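Asker: Structure incoming, see below.
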Amino acid sequence: MTIMVLFLCVIALLLGAIGGWVVGSARKSAEARKALAQRDQALVERDRAAAEREKAKIERDLMRAERERSDAERLAMQQRVEDAQQARAAADARVAEAEKLLTNHEEMRRQLEGTFASLAQRAFQAAGENLVAMNKTQIDGTLDTKKVEIDGLLKPLRDMLEQYRGEVLKSERVRNESYGGLQEQIRALLAAQESTQREASRLANVLQSPTVRGSWGENSLRRCIELAGMSEFCDFDVQFTVVSDDGRRLRPDLIVRLPNNRAIAVDAKAPLNEYASAADETDETRKREALAAHAKMLRRHIDGLSRRDYQASIGDTLDFTVMYLPGEHFLSAALVTDPSLFEYAVERKIYLASPTVLLPLLRAVAAGWKAERTEENAKKLHDAGVELFNRFVKVMEHVADVGTALRRTVEKYNGAIGSIDRMLWPKGEELQRLAGSGKELGALNQIEAVPLESSKLRLTMQNEEPGLLFAIDGRPLEGTS
């Protein structure tokens with residue numbers, strides 16, 4: 001009795017220990033699942049935070065690149081102004097030098113005239129005195145001798161006059177050549193300035209039309225799309241029309257399709273009036289006022305795009321809207337006047353873009369489409385490979401069935417031959433002897449079936465059960481379960 005009680009106590013203790021272990025294992029498993037869930041949630045939160053930080057970093061880099069580009073354009077503009085001023089100063093210096101040369105020539109001419117007059121007076125005086133002396137001393141000289149002596153006295157004066165005449169002609173020729181070249185350059189400069197003014201005036205008159213400005217912006221946008229290769233690698237809709245919740249028809253100039261069913265709306269603007277007025281102004285105060293009006297016009301365009309709310313009309317697939325300006329100078333002039341304009345647009349999910357900004361953006365989208373197409377082709381190749389492999393396995397199943405049927409047929413045939421040899425053949429020979437027939441019974445040979453196994457391919461079924469994995473050379477085949 002005591003032994004039975006002790007045995008029951010031991011069994012109860014064992015059952016209690018097993019139950020406690022089972023409960024503890026279940027609790028630990030639940031805690032482990034909870035810890036794994038918390039860890040997965042933490043990883044998701046960490047990835048989301050990393051994505052937000054990456055997005056903020058990209059936006060900051062974009063803003064910084066825009067500011068650096070504006071500073072570079074402003075410095076380039078200042079450099080061009082300084083170069084023009086230096087060129088004008090050099091031209092003024094050349095004109096002053098030519099005028100100084102002319103003054104020097106005039107002064108030299110006056111000095112030569114004075115020297116000539118003085119020398120001529122002294123020569124004539126000396127000649128007269130010598131002539132009087134000779135008349136007094138040699139009154140009886142012949143006329144030819146007097147003429148030779150007079151020519152000898154006047155020859156230095158004649159040579160001096162010829163030398164002076166050559167110097168004057170040379171100086172006049174140099175002055176005429178200098179003034180002729182300067183006048184030719186001035187005429188060419190005036191002609192180029194008039195041609196530039198005519199072209200600028202004609203272009204300004206043409207761009208006064210809103211339709212022409214819109215066509216100019218759309219053509220510039222199409223050119224950026226072609227240069228970025230978006231015609232081949234991305235779907236885009238020019239003048240795509242959407243309808244808002246209140247029934248208004250909204251028509252962005254461009255919808256850029258992104259992978260994963262995302263999109264970017266692009267609206268082209270060409271604010272030319274205020275900028276053209278600023279370019280025509282010569283007064284600095286009025287120029288600054290016109291540029292300020294140009295920046296305000298861009299701000300109004302930003303507000304207008306923000307109110308259109310393409311996000312609500314197109315759907316959650318729209319990431320942001322790009323306001324495209326077809327000229328770098330439109331954007332740089334506005335940012336110089338109003339540096340906060342870019343941040344103002346970003347706050348409203350509007351990104352300002354010139355050709356140098358939009359073109360890299362579209363090329364990045366084209367690269368994304370290339371990667372998407374590559375991934376799709378790889379998936380199609382994988383699916384085709386799996387399908388081909390499944391069909392290959394199916395064919396091998398049929399071949400294996402044919403082999404099994406052939407093996408069974410050979411076994412049946414050999415069994416029939418063995419039965420004939422044992423049971424029918426002796427009776428046949430006995431009938432042949434009794435009948436006295438000269439014909440002999442033909443021999444029947446068994447088929448020795450030697451299986452031919454491929455060294456490259458052997459198809460087996462694991463556990464000889466249908467529906468399980470097949471194997472080649474002992475390795476299970478994927479996708480055949």
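The values are calculated or read from the model by the stated rules, or taken from the named source; none is laboratory data. Remember, it's a predicted structure, so these values are computed and weren't measured experimentally. Note: ideal-geometry Cβ built from the backbone for every residue, glycine included; neighbour counts use all protein chains shown.
Asker: Which pairs do you get when a residue that is more than 9 Å from Ile447 (Cα to Cα) and in contact (Cβ under 8 Å) with a residue 24 or more places away in the chain, found in the range 407-419, comes within reach of a residue that is surrounded by 11 or more Cβ atoms within 10 Å (Cβ to Cβ) and not charged (D, E, K, R), reach meaning Cβ atoms under 9 angstrom, with the pair 6+ apart or on two chains?
Answerer: Every condition considered, the pairs that remain are Arg407/Ala449; Ile417/Leu444; Ile417/Gln446; Ile417/Ile447; Gly418/Gln446.
Asker: Within the range 257-276, restricting attention to residues that are part of a helix (DSSP H, G or I) and out of contact with any Asp or Glu (no Cβ under 9 Å at 6 or more places or on another chain), which residue is nearest to Glu376 (Cα to Cα)? Before the answer, list the steps.
Answerer: Taking the range 257-276 first, the residues part of a helix (DSSP H, G or I) are 259-261, 273-276.
Of the ones still in play, those that are also out of contact with any Asp or Glu (no Cβ under 9 Å at 6 or more places or on another chain) are 261, 273-276.
Numbers: Asn261: 14, Asn273: 48, Glu274: 49, Tyr275: 48, Ala276: 50 Å.
Result: Asn261.
Asker: Based on this model, can you work out whether His294 counts as assigned to a helix (DSSP H, G or I), more than 25 Å from the chain's Cα centre (by Cα) and modelled with pLDDT of 75 or more?
Answerer: yes
Here is a yes/no grid of residues against (1) modelled with pLDDT of 70 or more; (2) touching a helix residue (DSSP H, G or I) at 6+ places or on another chain (Cβ under 7 Å):
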| position | (1), (2) |
| --- | --- |
| Ala37 | no, no |
| Asp47 | yes, no |
| Glu59 | yes, yes |
| Leu62 | yes, no |
| Ser70 | no, yes |
| Arg94 | no, no |
| Thr103 | yes, no |
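Asker: Quick test for you: out of Tyr324, Tyr344, pick the one residue that is within 23 Å of Ala228 (Cα to Cα) and of a type outside the set (Lys, Arg). Steps first, answer last, please.
Answerer: Values: Tyr344 fails: within 23 Å of Ala228 (Cα to Cα).
The match here is Tyr324.
Asker: Tally time: how many residues in the range 249-281 are among the charged types (D, E, K, R), touching a Gly at 6+ places or on another chain (Cβ under 8 Å) and modelled with pLDDT under 75?
Answerer: Of the residues in that region, 1 qualify.
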